[in-house]
Amino acid sequence: MPDVTASILAAAEACFERFGITKTTMADVARAANMSRATIYRYFPDREALVMASVVRRARMNMDSARDRIRSRESFAERIVEGIIDNIRRGLRDPMVHLLVSPAEAALANTLLATSGKAVELTLELWEPILHDAQEAGDLKPDVDLNLLCEWISEIEMNYVSALGDDMVALERLREKLHAFFVPALLARQSARRS
């Protein structure tokens with residue numbers, strides 16, 4: 001990512017936090033970046049492209065370390081459950097993600113993440129190697145559609161980030177539900193016997 005792009009994204013994120021995503025204008029971003037609006041438009045055609053680039057950048061910044069944390073769990077059941085829980089926690093701590101899934105930005109978030117498929121794409125980018133390894137090891141049912149599974153994981157994570165706030169009890173309940181209902185649906189028979 002060129003320095004200009006990184007500078008624009010940093011300025012945009014500062015504006016998003018200050019004014020809100022839907023109230024931030026390209027002129028606001030240009031002022032914050034000390035650049036002309038023409039320069040901003042040369043790199044990003046509109047505010048939605050800026051928001052999307054910010055989300056993608058922030059997701060990819062920690063993707064390798066997140067994947068390593070997930071892989072460090074002992075069993076596939078722990079990897080999938082704790083990976084989802086960790087992603088929700090990270091989303092709750094990230095001011096940009098928290099802004100994007102807030103009720104005030106719900107329509108924009110739906111357009112940018114759900115309708116565009118970007119949230120599923122990023123979820124697949126994180127999870128596909130882990131899920132593929134689990135299928136190869138016989139832990140995950142071989143007929144599980146990884147794209148559909150990642151779509152569901154993405155929806156669960158976005159819904160919980162937008163709904164939880166500071167409710168860690170609800171996060172613990174989600175962990176229990178994932179272990180009780182989600183994991184058994186994914187485990188291959190031989191893996192279910194080992195757990």
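The length gained by stretching the chain between SER75 and ARG18 to full extension, at 0.36 nm per residue less their Cα-Cα distance, is 16.3 nm. Take the Kirkwood radius over Cα pairs of the range 66-157, plug it into Stokes-Einstein at 20 °C and 1.002 mPa s, and you get 154 µm²/s for translational diffusion. In the full protein context, the chain carries 53 Å² of accessible surface per residue, based on a 1.4 Å probe and ignoring ligands, DNA and RNA. Computed from the alpha carbon positions, the gyration tensor of the chain leads to an equivalent ellipsoid with semi-axes of 36, 17, 13 Å, biggest first. Under the criterion of Cα pairs below 8 Å and six or more residues apart, the relative contact order for the range 20-92 equals 18 percent.
Count Lys and Arg as plus one, Asp and Glu as minus one, and take only other residues whose Cβ is under 12 Å from that of VAL101; the net charge is then -4. Only the Cβ atoms of Lys and Arg (+1) and of Asp and Glu (-1) were treated as charged; on that basis the dipole of the chain about its Cα centre amounts to roughly 280 debye.
Computing the accessible area with a 1.4 Å probe over protein heavy atoms, can you report the carbon and sulfur percentage for the chain?
52
Mean sequence separation of contacting Cα pairs (under 8 Å, at least six apart), scaled by the length of the range 11-147, corresponds to a relative contact order of 23 percent.
Placing unit charges on each Cβ (+1 for Lys and Arg, -1 for Asp and Glu) gives the chain a dipole about its Cα centre, and among ASN147, LEU9, LEU100 the Cα reaching farthest toward its positive end belongs to LEU9. Round to the nearest 10 and give me the degree value, 0 to 90, for the angle of helix 146-164's Cα axis relative to the longest principal axis of the chain. Roughly 60 degrees between the two axes. Just to confirm my numbers, what's the Cα centroid distance between the range 1-50 and the range 121-148 in Å? The range 1-50 and the range 121-148 have Cα centres spaced 36 Å from each other.
Here the gap between ALA180 and ASN147, fully extended at 0.36 nm per residue and compared with their Cα-Cα distance, gives a gain of 9.6 nm.
The values are calculated or read from the model by the stated rules, or taken from the named source; none is laboratory data. All values reported here derive from a predicted model rather than from experimental measurement. Positions of Cβ are generated from backbone atoms using ideal geometry, with glycine treated the same way; all protein chains shown enter the neighbour counts. These accessible areas exclude ligands, DNA and RNA; they are computed on the full protein's heavy atoms, side chains included. Shrake-Rupley method; radii C 1.70, N 1.55, O 1.52, S 1.80 Å.
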